Structures are given as structure tokens and as C-alpha cells.
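*Asks:* One structure follows; several queries about it will come next.
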Amino acid sequence: MTATTTAAPVDTPRSEGLKWWHEVLIGGAFYLVYSQIRNLFGAGPESRTIAFGHARDVIEIERTLHLWIEPHIQRWYLGLPGHGFIKVWNVYYGTAHFVITVGVLVAAYRLAPHRYRFIRTTLAGTTALALIGFASFTLMPPRLLGVDSPYGACRGLGPDCHGYGIVDTIDRWGGLWKFGEGGMAAVSNQYAAMPSLHIGWSMWCALSMIIVIGRGRRRYWWFLYPATTFFCIIVTGNHYWLDAFFGLVALAGGTLTALGFEKLRTRRLARQAGRSDEGAATETAPATA
């Protein structure tokens, strides 16, 4: 006799009812709405006073905790030879946030389609919760505390008028673009800092890839990505560490949201399966005289 084996079915996007163009449309529409809402509340220079007031509140909290560390870390790093090649971090800040996030979504879609909906919904939930933070707590980032510009805390008073000692590294050393002038100033909310989506999304990337990879210790190397991003947002003066903390809080909320949607989806599929079983039983029941 010849033994035969049947290979276990392999999960694919199609087997999970996923369509790539459908996901692209959802992602594009969601990001468009996100961008519009993000730049709707407290985005203009008229919000400068409110944003600076909130910044002082954040700094006071960090000082109370003896963790007002941002100026010290940036000063140490910029004191390294070549200013620590800070322009590299400026470019990283403006690119990795989007490129790696999209790459992780594609990897989840192709390699773990059975987990994709949960992963995608977690990202959407995290981003939606962050929008609430942007709208309700307009916050001036550290890099603008000493800037004499329409968006800076020292408008008309000269550089570093308040003595916080934090440098706007993108303005001084450059990157791919500057957020405070030209077209980027028109489409970028200077005060959308709390919570930090750079941290929320980067930790989402790490956890998602750990789920996608599924096994092996090497997958935990992905935690280097949010750690690197945290270092970046501090040395470039783009965020306070409290922004990063609440970025993780937003991620936790997004995860709970995704779990809730998954439970609803599981119940819906169970009800549909139950109705299908009832219909099949009715069709196969013997006719009575």
C-alpha cells in the first residue's frame, strides 16, 4: 500500500476574504481623514499661546518627577563629533515613521492574513485615539520652545528666550524638509505632539512583526525599532518623553478596540455558520408522508 499525506491548508489573503485593492482604498481613505482632522484643530500659529502653556505644564510634570531629561540628552548628543550626524536622525524622523509602518502592513497582509484584520484595526484604533489627543491637548514640541518664528515660543523675543536650551535640529541642520516653513507648514500640524504616534506606530510595528514571524527569539529584535525611534524623537527635540508614554497608552487602547472588533466578528461568523448548518440540515431531512 502507498501512504498518502494531505498537506495542511495554507492561509492566504484570498482564503481570508481579503482583497489588496480593498485594503489600499481603506488605508488611503483613513489616512486622508486622519490628515484632515489632524490639521483641523490647533494647527495654526494662532494656537501658539495655548500650545506653549500646555508645554509648560508637561515640563512641570516632568520636573516634579525629576525626569526633565530632554535638554540634557540633546545637549550631550549634539556635543559629539559632527553633532552626532544629527541630520541622519532628522531624515529618519521624517521617513521611517511612514515607510516601515506601510511595510509592516504589507508583510502582515501577505505572511499572516489570518492576523491581518486584528493588526490593521489596532493601527486604526491607535491612530484614532491619537487624534483625540491632538484635538484636545494642543502641545508645542520641545524643538519650538526656543524658536523665534510664527510657531515658536520666542516669537519676536530672540532665540531661546525662555532658557530651555533645546535646539530645533531640523531647522538648523536640515533633513528632507522643514515642518515650520513653506508647503510643509501648511499641511503639517506643528502642535500635534501629544501623544507621539512615532512611538505608538513604531511599537505597533514591533508587536505586529512579532505576531507575523510567530516563533524564535530573533523576532524580539524588532523592539529595537521603537527604542531607536524614542532616542530619535528626544535628540531631535520633536517630543517629550511623556508624549511617548501616551503614545503607548494610545496603542493599548487601539489594541483593546481591535480585540473588541475581533470578538464581534467571531460572533457574527458563528451565527452565519449556525444558519448554514440549519439550512443544510433542513435540505437533507427525509420527506414525511
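*Asks:* Filter segment 210-240 down to residues that are touching a residue at least 40 places away in the same chain (Cβ under 8 Å) and not in a helix (DSSP H, G or I) and give me whichever is farthest from Phe137 (Cα to Cα).
*Replies:* If we take residues in segment 210-240 being touching a residue at least 40 places away in the same chain (Cβ under 8 Å) and not in a helix (DSSP H, G or I), then Gly214 is farthest from Phe137 (Cα to Cα).
*Asks:* Let me ask something else about it. Is it fair to say Ala43 is crowded, with 16+ Cβ neighbours inside 10 Å, under 25 Å from Ala193 (Cβ atoms) and either modelled with pLDDT of 85 or more or in contact with a Pro (Cβ under 7 Å, 6 or more places away or on another chain) (or both)?
*Replies:* Criteria not met by Ala43.
*Asks:* Now for a different question. So is Tyr116 surrounded by 22 or more Cβ atoms within 10 Å (Cβ to Cβ), touching a residue at least 60 places away in the same chain (Cβ under 8 Å), in a helix (DSSP H, G or I) and in contact with a helix residue (DSSP H, G or I) (Cβ under 9 Å, 6 or more places away or on another chain) or not?
*Replies:* It is true that Tyr116 is surrounded by 22 or more Cβ atoms within 10 Å (Cβ to Cβ), touching a residue at least 60 places away in the same chain (Cβ under 8 Å), in a helix (DSSP H, G or I) and in contact with a helix residue (DSSP H, G or I) (Cβ under 9 Å, 6 or more places away or on another chain).
*Asks:* Got a number for residues in segment 27-56 being over 30 Å from Tyr109 (Cβ atoms), part of a helix (DSSP H, G or I) and of a type outside the set (A, V, I, L, M, F, W, C)?
*Replies:* Residues meeting the conditions: 8.
*Asks:* Return a yes/no flag: does segment 241-259 have any residue that is at pLDDT below 90, of a type outside the set (Val, Ile, Thr) and surrounded by fewer than 19 Cβ atoms within 10 Å (Cβ to Cβ).
*Replies:* no
*Asks:* Sticking with this one: Hey, does segment 53-76 have a residue that's farther than 20 Å from Ala244 by Cβ and of a type outside the set (D, E, K, R)?
*Replies:* There is at least one residue in segment 53-76 that is farther than 20 Å from Ala244 by Cβ and of a type outside the set (D, E, K, R).
*Asks:* Within segment 94-108, restricting attention to residues that are of a type outside the set (Val, Ile, Thr) and at pLDDT 95 or above, which residue is surrounded by the fewest Cβ atoms within 10 Å (Cβ to Cβ)?
*Replies:* This residue is Gly103.
*Asks:* For segment 71-94, check the following and say yes or no: at least one residue is within 30 Å of Gly214 (Cβ to Cβ) and out of contact with any His (no Cβ under 8 Å at 6 or more places or on another chain).
*Replies:* Yes, some residue in segment 71-94 is within 30 Å of Gly214 (Cβ to Cβ) and out of contact with any His (no Cβ under 8 Å at 6 or more places or on another chain).
*Asks:* Another one. Which ones in segment 57-112 are without any contact (Cβ under 8 Å) to a residue 60 or more places away in the chain, among the small types (Gly, Ala, Ser) and assigned to a loop (DSSP other than H, G, I, E, B)?
*Replies:* The answer is Gly79, and nothing else.
*Asks:* Separate question: Are any residues in segment 135-178 of a type in the set (Gly, Ala, Ser) and either part of a loop (DSSP other than H, G, I, E, B) or at pLDDT 95 or above (or both), and if so, which ones?
*Replies:* Answer for segment 135-178, where residues must be of a type in the set (Gly, Ala, Ser) and either part of a loop (DSSP other than H, G, I, E, B) or at pLDDT 95 or above (or both): Gly146, Ser149, Gly152, Ala153, Gly156, Gly158, Gly163, Gly165, Gly174, Gly175.
*Asks:* Kindly indicate which of Glu16, Glu62, Glu70, Glu23 is out of contact with any Pro (no Cβ under 9 Å at 6 or more places or on another chain) and among the acidic types (Asp, Glu).
*Replies:* None of the other options fit; the residue is Glu62.
The values are calculated or read from the model by the stated rules, or taken from the named source; none is laboratory data. Keep in mind that this is a model prediction, so the values were computed, not measured. Cβ atoms come from the backbone with ideal geometry, glycine included; neighbour counts cover every protein chain shown.
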